[in-house]
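This report refers to the structure that appears directly beneath it.
The values are calculated or read from the model by the stated rules, or taken from the named source; none is laboratory data. Computed from a predicted structure; not experimentally measured. Here Cβ is always computed from backbone atoms with ideal geometry, including for glycine, and neighbour counts include all displayed protein chains. Accessible surface is based on the protein model in full, side chains and every heavy atom, while ligands, DNA and RNA are left aside. Shrake-Rupley method; radii C 1.70, N 1.55, O 1.52, S 1.80 Å.
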Amino acid sequence: MRYAPPKGTYDILPPAPGRDAVQNSALWQWLETSFREICRQYGYSEIRTPIFESHDLIHRSVGEGTDIVAKETFDFITKGNDALTLRPEGTAGVMRAFVSNRLYIERPVTKLYYIGPNFRYERPQKGRYRQHHQAGAELLGASGPEADAEVIALACGFYARLGLTDLKVKLNTVGTPESRAEYVKALRTWAEPLLPQMSGENNRRFAQNALRMLDSKEPQDIALLATAPSLSDYLDEASQTHFAAVKGYLTAMGLPYEEDPRLVRGFDYYTHTVFEIQSVVLGDKALGGGGRYNGLIEAVGGPATPGIGFGLGLERVLLALEETGISLPTASGLDAFLCPLGEAARASCVTLLAHLRAEGVVCDMDYTGRRMKAMLEQADQCKARFAVILGDDELAQGVATVRDMITKVQEVAPLESLSRLLM
Ligand code: HAM
């Protein structure tokens, strides 16, 4: 029996010619290191939380009316009868950890980042998986618009660091829960007589989460939505002032954005600013998104604490980089590959390898006892700078033949001075 990876998942593998960027582990390491570096620069510390949380926490924080909770969560009951959910996103678990560990006592403003897998039962297609990875950040304890601007700048800074251009930053505000509730009432009144002309999906949204009707991608809905009441007309003054300040800071930082009054995003926890970063080369697919969630920490049992953050889909970053044709970094190779000729040389190579590694040389050896040509091919495959050839003659004299894999020039060197030569 041969098993394939479960539907909507894929393996991340050592780099090899022709391998898709999404499956290349060296590129994942590069993305993760780049994200860690920029987070450190902005003063964020790493948090790691479990990949499953209580069913109740996820369903309540993401929101019962959202697509994610209604259709996409992986829910399960343990042998001990606990109801759990594989996390479909990072924010709910991070808020739970912030409260469980009373992090709010440690500092007035908490800045956290995370990188990890999330699980959504979606119909798989290019750029959409059942297990996807996000790099995310959350800034907790600051309600001012400076925090919103910083978080958006951090997300944009990450893409810039990778060399990814051709992005659109879409920006909107969904105001306070009170002003939004007023708006949703007006939206439903407007939509009800039009339901027969709307898509099935928007009929479902009308019943479950009317705000999300604005997000529809169906042409018949888009045409109708042109006459829908506007959320901005229902915003209270404080929401409007906050949003104006966020936009002012983004402009001052030289970060271009497009206001999109129909951007509402698929989570119930958002308040005020919401944003999405889209990739033009991926047909405006969302590379990442986020927003403010001033009521979430309280909703999961913590003290009233404002928060704002984002999650960036890492698979989509790799797809966008590939599509853009940016030359992606390649994995670095070995300093040396040891090629023993015969049993005695193999035994000596084992200790020589340990000695060279202790000295800091990045090296490996042949374990298969193959012929010289095959060993040199493997040295090339490992991108070794040098092949170190050790046969009976070399052993007897305490030397090795060192072959430069680029120039093909060979020289004989004493074993004691090998590490200096190889590094
Ligand atoms: P989200 O927009 O659902 O936000 O996800 C963030 C990003 O993850 C998306 O823009 C997309 O790039 C990627 N993504 C989501 N689902 C998939 C999938 N099935 N396959 C591939 N990529 C996917 C959140 O998750 C929020 N927690 C963001 C946030 C943090 N808001 C505040 N703090």
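Quick look at the numbers
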{"item": "Contacts under 8 angstrom Cβ, first residue in segment 225-238 being touching a residue at least 60 places away in the same chain (Cβ under 8 Å), partner open to solvent by 70 Å² or more (accessible area, probe 1.4 Å) and part of a helix (DSSP H, G or I), 6 or more apart", "result": "Asp236/Glu178"}
{"item": "Qualifying residue in segment 216-223 (condition: within 29 Å of the chain's Cα centre (by Cα) and without any contact (Cβ under 8 Å) to a residue 12 or more places away in the chain)", "result": "yes"}
{"item": "Any chance Tyr104 is at pLDDT 95 or above and within 13 Å of the ligand (Cβ to nearest atom)", "result": "no"}
{"item": "Residue within segment 161-169 that is within 18 Å of the chain's Cα centre (by Cα), within 11 Å of the ligand (Cβ to nearest atom) and surrounded by fewer than 21 Cβ atoms within 10 Å (Cβ to Cβ) present", "result": "no"}
{"item": "Residue check, Arg19 in contact (Cβ under 8 Å) with a residue 24 or more places away in the chain and more than 21 Å from Glu122 (Cα to Cα)", "result": "no"}
{"item": "Complete set of residues in segment 114-144 that are in contact with an Asp or Glu (Cβ under 6 Å, 6 or more places away or on another chain), open to solvent by less than 30 Å² (accessible area, probe 1.4 Å) and hydroxyl-bearing (Ser, Thr, Tyr)", "result": "none"}
{"item": "Residue among Gly254, Gly283, Gly333, Gly302 that alone is more than 9 Å from the ligand (Cβ to nearest atom), more than 24 Å from Val109 (Cα to Cα) and at pLDDT 95 or above", "result": "Gly254"}
{"item": "Residues of segment 4-50 classified as within 14 Å of the ligand (Cβ to nearest atom), crowded, with 17+ Cβ neighbours inside 10 Å and of a type in the set (Val, Ile, Thr), total", "result": "3"}
{"item": "Matching residues, segment 71-92, being more than 10 Å from the ligand (Cβ to nearest atom), over 15 Å from His132 (Cβ atoms) and not charged (D, E, K, R)", "result": "Phe76, Ile77, Thr78, Gly80, Asn81, Ala83, Leu84, Thr85"}
{"item": "Of residues in segment 267-284 being assigned to a loop (DSSP other than H, G, I, E, B) and within 16 Å of Gly295 (Cα to Cα), the one most open to solvent (accessible area, probe 1.4 Å)", "result": "Asp268"}
